[in-house]
Amino acid sequence: MSFDLNSLLRPHIAKLQPYTSARDEYTGKEGVFLDANENPFGSITEQDFNRYPDPYQSALKEEIAKIKGVRPSQIFLGNGSDEAIDLLYRAFCNPGKDNVILLPPTYGMYEVSANINDVEIRKVALTPDFQLQPDQILAAADANSKILFICSPNNPSANKVKREDILFLLENFKGLLVVDEAYIDFSDEPSFTTELDRFPNLLVMQTFSKAWGLASLRLGMAFASEELIRILNKIKPPYNISGLTQDTVLAAIKDKAKVDRMIQDILAEREFLKGELEKLPFVQRIHPSHANFLLVQIPNANQVYDDLIEEKVIVRNRAKVLLCADCLRITVGTREENEALLKALSKVVK
């Protein structure tokens, strides 16, 4: 499929002259820095934070590229994946004119960002087993359909989406196709980052919040063609990732073996929790999971959710979400946390 990224781009973004920071002009670490109006005497903390961070996170991208099998120039880092989502709307969607296609039930920020940016939303529901309807998706699209968001493994249903359906849409959808892989580390499915050089209309999102256990740092990753990454870098705030976050992740990324061990522990606990939940007579259904959570159908889920809060066990109520009637989304915890959940469920469900 022939694909011209600039034909999707908002015209004023194509002409935009980005803000040039002091660190764009000189990227060295040695020198007398009198260019950015920083405090030369250091910080009030023990660690010095008086200098602005690398605006393009070059050292961190070099390390991420090694473990993800991509080029550093194919990586965008954002303040969570939410920053990348918002920037995509601002770069490609004209308010009041263009539309995006969402596939409920799915991650809620796609819709929130669309509403913030005054972009029309066209929804094509997943099937009852939470799979795509490719023909209906293409039928819902028109010349102003700029972005299609696919979450796989999906949130809140936890299942992986059929790879052949995503490939079909990559070959036939005329806009950008975003595959959100926040939970890919818990899946047996290979990442769509392996398809970046084949599909210029593909952007893949991942995160350090889940498997890496760095949710508080708010670091999301987007992988795409170098052309698309340049556009995101063009319109992002100049210093969107703090130096503290960059340094912390740089240190953490060197211990990939620990991450792999945590993933295996979570997968083991997922199977334990699933097995114990299946023994409870009131559990009606546990949907297949390729993530670090389970979508569980229980009678009177709204009341059960409230009762669990009284027991100080907090899960996510998805009972009002399309295709998720009477469902709770339960994150896989430690063995102690999982047993506390099971005990509380047995107590509150009569």
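The values are calculated or read from the model by the stated rules, or taken from the named source; none is laboratory data. What you are looking at is a predicted structure, and each value in this text was computed from that prediction instead of being measured. All Cβ positions, glycine included, derive from the backbone under ideal geometry; neighbour counts span all protein chains shown.
Assuming Ala141 fulfils every condition listed in (1) farther than 16 Å from Ala224 by Cβ; (2) surrounded by 23 or more Cβ atoms within 10 Å (Cβ to Cβ) apart from one, which condition is it?
Result: Ala141 passes all but (2).
What's the total number of residues in the range 324-338 that are in a helix (DSSP H, G or I) and touching an Asp or Glu at 6+ places or on another chain (Cβ under 8 Å)?
Matching residues across the range 324-338 total 2.
Name every residue in the range 212-238 that is in a helix (DSSP H, G or I) and closer than 22 Å to Ser7 by Cβ, in order of residue number.
Hits for the range 212-238 are Glu226, Glu227, Leu228, Ile229, Arg230, Ile231, Leu232, Asn233, Lys234, Ile235.
Could you say which residue among Phe76, Phe92 is touching a residue at least 12 places away in the same chain (Cβ under 8 Å) and either farther than 18 Å from Gly220 by Cα or exposed (fewer than 12 other Cβ atoms within 10 Å of the Cβ) (or both)?
Values: Phe76 fails: either farther than 18 Å from Gly220 by Cα or exposed (fewer than 12 other Cβ atoms within 10 Å of the Cβ) (or both).
Going through Phe76, Phe92 in turn, just one is touching a residue at least 12 places away in the same chain (Cβ under 8 Å) and either farther than 18 Å from Gly220 by Cα or exposed (fewer than 12 other Cβ atoms within 10 Å of the Cβ) (or both): Phe92.
Evaluate the range 187-210: report whether one residue or more is of a type in the set (Val, Ile, Thr), buried (at least 18 other Cβ atoms within 10 Å of the Cβ) and part of a strand (DSSP E or B).
Looking through the range 187-210, at least one residue is of a type in the set (Val, Ile, Thr), buried (at least 18 other Cβ atoms within 10 Å of the Cβ) and part of a strand (DSSP E or B).
Against the definition (more than 16 Å from the chain's Cα centre (by Cα) and of a type in the set (S, T, N, Q)), how does Ser225 come out, yes or no?
yes
Could you please let me know if Gln17 is touching a helix residue (DSSP H, G or I) at 6+ places or on another chain (Cβ under 7 Å) and either exposed (fewer than 11 other Cβ atoms within 10 Å of the Cβ) or not aliphatic (A, V, I, L, M) (or both)?
Answer is no for this residue.
Residue check, Val332 against (1) surrounded by 20 or more Cβ atoms within 10 Å (Cβ to Cβ); (2) of a type outside the set (Phe, Trp, Tyr); (3) over 29 Å from Leu214 (Cα atoms), all met but one. Which one?
Val332 satisfies every listed condition except (3).
Can you find even one residue in the range 28-38 that is of a type in the set (Gly, Ala, Ser), surrounded by 11 or more Cβ atoms within 10 Å (Cβ to Cβ) and under 30 Å from Val119 (Cα atoms)?
The answer is no; no qualifying residue exists.
So if I check each of Ile241, Ile166, which one is under 27 Å from Arg10 (Cα atoms) and not in a loop (DSSP other than H, G, I, E, B)?
Exactly one of Ile241, Ile166 is under 27 Å from Arg10 (Cα atoms) and not in a loop (DSSP other than H, G, I, E, B), namely Ile166.
Hey, among Ala224, Ala215, Ala268, which residue is surrounded by 15 or more Cβ atoms within 10 Å (Cβ to Cβ) and either at pLDDT 95 or above or in contact with a helix residue (DSSP H, G or I) (Cβ under 7 Å, 6 or more places away or on another chain) (or both)?
Ala224
Being of a type outside the set (D, E, K, R) and within 14 Å of Thr245 (Cα to Cα) is the filter here, so list the residues in the range 41-63 that pass it. Even if it seems obvious, please write down each step before you answer.
Of the range 41-63, the ones of a type outside the set (D, E, K, R) are 41-45, 47, 49-50, 52-53, 55-60.
Scanning the range 41-63 gives Gln47, Phe49, Tyr52, Pro53, Pro55, Tyr56, Gln57, Ser58, Ala59, Leu60.
Of a type in the set (S, T, N, Q) and under 14 Å from the mean Cα position of the chain (by Cα): which single residue out of Asn201, Asn155 fits that description? Before you say what the answer is, go through the steps one by one.
Details: Asn201 fails: under 14 Å from the mean Cα position of the chain (by Cα).
Result of the check over Asn201, Asn155: Asn155.
With assigned to a strand (DSSP E or B), touching a strand residue (DSSP E or B) at 6+ places or on another chain (Cβ under 8 Å) and touching a residue at least 24 places away in the same chain (Cβ under 8 Å) as the only criterion, which of Val296, Val321, Val304, Val249 stands out? It would help to see each step written out before you state the result.
Working: Val321 fails: assigned to a strand (DSSP E or B); Val304 fails: assigned to a strand (DSSP E or B); Val249 fails: assigned to a strand (DSSP E or B).
Testing whether each residue is assigned to a strand (DSSP E or B), touching a strand residue (DSSP E or B) at 6+ places or on another chain (Cβ under 8 Å) and touching a residue at least 24 places away in the same chain (Cβ under 8 Å) leaves just Val296.
What tally of residues in the range 128-163 results from selecting those that are farther than 29 Å from Leu294 by Cα and either among the polar types (S, T, N, Q) or part of a loop (DSSP other than H, G, I, E, B) (or both)?
Total satisfying the criteria: 5.
So which of Lys61, Lys97, Lys29, Lys66 ends up being in the same structural domain as Gln131 (by TED's automatic domain parsing) and in contact with a Pro (Cβ under 8 Å, 6 or more places away or on another chain)?
Only one candidate passes the filter, namely Lys61.
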